[in-house]
Amino acid sequence: MDRQKKNAIIKKITVVMLFATLLFAGGMAYTQAPEKQTFSLSAGNAHALDVYTGNPIVKIVKDSSPAVVNIDTETMVTRSRFGGFPFEGDPFFEEFFGQIMPREPMQQQVPRRGKGSGFIVSKEGYVLTNNHVIDGADNIKVTLMDGRSFDAEKVGQDPTFDLAVIKIKASALPILELGDSDATEVGEWVVAIGNPLGFENSVTAGVISAKNRTLQAPGINFQGFLQTDASINPGNSGGPLIDLNGKVVGINTAIVPYAQGIGFAVPINMAKQVMDDLIRHGEVRRGWLGVTVQQLTPSLVEAYKIPVKEGAIIADVSVGGPAEKAGIERGDVIVGIGGQKVKNSQDVVFLIRNKMQGEKVSVELYRDGKKRTINVTLGEIEGGKNESKQKSSSSDSSVTPKSSTHIGITVSEITKETQESNKLKSGDGLIVTDVERGSQGQRLGLQPGDVILEVNKEKMNRVSDWDRVMGKDNKALGFLVSRGGATLFISVQM
């Protein structure tokens, strides 16, 4: 019995000690858990109170917005209206009372209003914007973020690059610092500030999607645009595109209306040169070569058997311009200007614009696989406005033009009738009459009304020329196309 009692006592003591140990451990867990929980919540609260940590856009907007301005324009235009009896032209009235003889139209001056954006670049009140924002305007009003409003005067305009400088008389003006668009890289974050659709000081952000973009638009002859996916809408024109250092790298200029996230800006390095001329002289006095250049692409190199991969191909040569006088031809590939290497089309623009009119420059280029150097005396920029004198077609409009289709592109020979109806300056080439939806031709960007002048360096004057070239086993196709009076190259790998 003594042994059993001892065993029972030992078991009780063991249970009590185990229970005490559990209570002690539980107490420790209880006292430590609140400390851990408090630390965790404190850290979470601290993070929640600073949701903008690491986001520099907020500061950029606060610092830059005061220098971004809203531009309102008013242009007086003449419109015609018919005066007289109030029911004149009403079909219900005329059914009972007969037709009233129409009267002579009355000419009336009415204001046409427009909106845009700009930004202040100097304490003297100079404002940089797009030419199309203020072009033809009779009155220009500039409104700052602080509510101040001023009448502005035109300083100078450059339609070629769609840039303009206006000036306001004011004190204590905020300004934006201009950056270096050459150093800007694809993929960099940028911020666009402007007044889209009249909504003042709107901010969008995105990245630089591409550089050296060619944009074919009426009145704009520029092949060096920055492309961005930062939203740009009508009214944003002339506003700044700002990098994360708070410096302007571009001027918002154009959009693709049927797409999302495709906007274009003039690089600020080009705008600096134009702006200096406009402020000093009221006009651009840089040299003019008289060519339109495009970027070399792998498919274009293959199609035209070009011996270099870097350079700029000449898409068009102005009639009577300096380049034509010196013997430069369409299809030549420029690889150097004045001893400096040309890697792309923007290099050509920058190097020529750094020269003055009347200056002689050497142009290194390739033609038919052979390198040559041509000396050119640069002309005035106004020379680019010369009209091209093209020969007219001798085709008989009474004959139904022949047509043929390849890769979804239907072309026809140009008759006098088609030349007149499409307002073509020349009867050379084959006109695109139809592009099949979803075809390779549509993906190339060809559209009805385009005139194909060459395919793989072979001239297109007859449908038989088209059938012969397109029937070959081509590794690549290079089209020389006339669109809206200007020529451009379009190429694709097959």
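The values are calculated or read from the model by the stated rules, or taken from the named source; none is laboratory data. Here the structure is a predicted model, which is why all the values come from computation and not from measurement. When we count neighbours, we look across all protein chains shown, and the Cβ atoms used for this are built from the backbone with ideal geometry, even at glycine. Each accessible area value is taken on the protein alone, full model and side chains, heavy atoms only, with ligands, DNA and RNA left out. Shrake-Rupley method; radii C 1.70, N 1.55, O 1.52, S 1.80 Å.
Seen from Val207, the other residues with C-beta closer than 15 Å to its C-beta sum to a net charge of -2, counting Lys and Arg as +1 and Asp and Glu as -1.
Quick check: the distance between the Cα centres of the range 449-494 and the range 335-373, to the nearest angstrom? Using only Cα atoms, the two centres lie 26 Å from each other. Using the Cβ of Gln295 as centre and a radius below 12 Å, the other residues enclosed give a net charge of +2, where K and R count +1 and D and E count -1.
What number comes out for the charge environment of Thr129, summing +1 per Lys or Arg and -1 per Asp or Glu over other residues with Cβ under 14 Å away? Taking every Cβ under 14 Å from that of Thr129, the sum is -1. For the range 429-474, the solvent-accessible area of protein heavy atoms averages 52 Å² per residue (probe radius 1.4 Å; ligands and nucleic acids excluded). Karplus-derived 3J(HN,Hα) values for the range 427-440, using 6.51 cos²θ - 1.76 cosθ + 1.60 with θ = phi - 60°, are x, 6, x, 10, 8, 7, 9, 7, 10, 5, 4, x, 7, 5 Hz; glycine and proline are entered as x. Residue-wise HN-Hα couplings along the range 454-464, as the Karplus relation 6.51 cos²θ - 1.76 cosθ + 1.60 with θ = phi - 60° gives them from phi, are 9, 10, 6, 6, 9, 5, 10, 10, 10, 4, 4 Hz; Gly and Pro carry x.
Distant-in-sequence amide contacts of Val190, defined by a placed amide H-H separation under 5 Å and a gap of 5 or more residues or a different chain, comprise Gly206, Val207, Ile208. The solvent-accessible area of Lys459, taken with every protein chain present and a 1.4 Å probe, is close to 130 Å². Relative to its Kirkwood radius, the Cα radius of gyration of the range 117-253 gives an Rg/Rh of 0.95. Cross-link check: pairs Lys272/Lys360; Lys309/Lys457; Lys305/Lys341; Lys167/Lys341 evaluated at a Cα-Cα cut-off of 27 Å; pairs beyond the cut-off: Lys167/Lys341. Summed over all non-identical Cα pairs, the Kirkwood treatment of the range 255-300 gives a radius of 14.0 Å. For the range 264-373, the solvent-accessible area works out to 41 Å² per residue, with a probe of 1.4 Å and every protein chain left in place. For the range 220-312, what log10 I(q)/I(0) values come out of the Debye formula at q = 0.12, 0.16 1/Å, with one point per alpha carbon and no solvent? Cα-only, vacuum Debye calculation for the range 220-312: -0.55, -0.87. Taking amide H positions as modeled 1.01 Å from N, with prolines and chain starts lacking one, the residues under 5 Å from Ser404 and 5 or more places away or on another chain are Val411.
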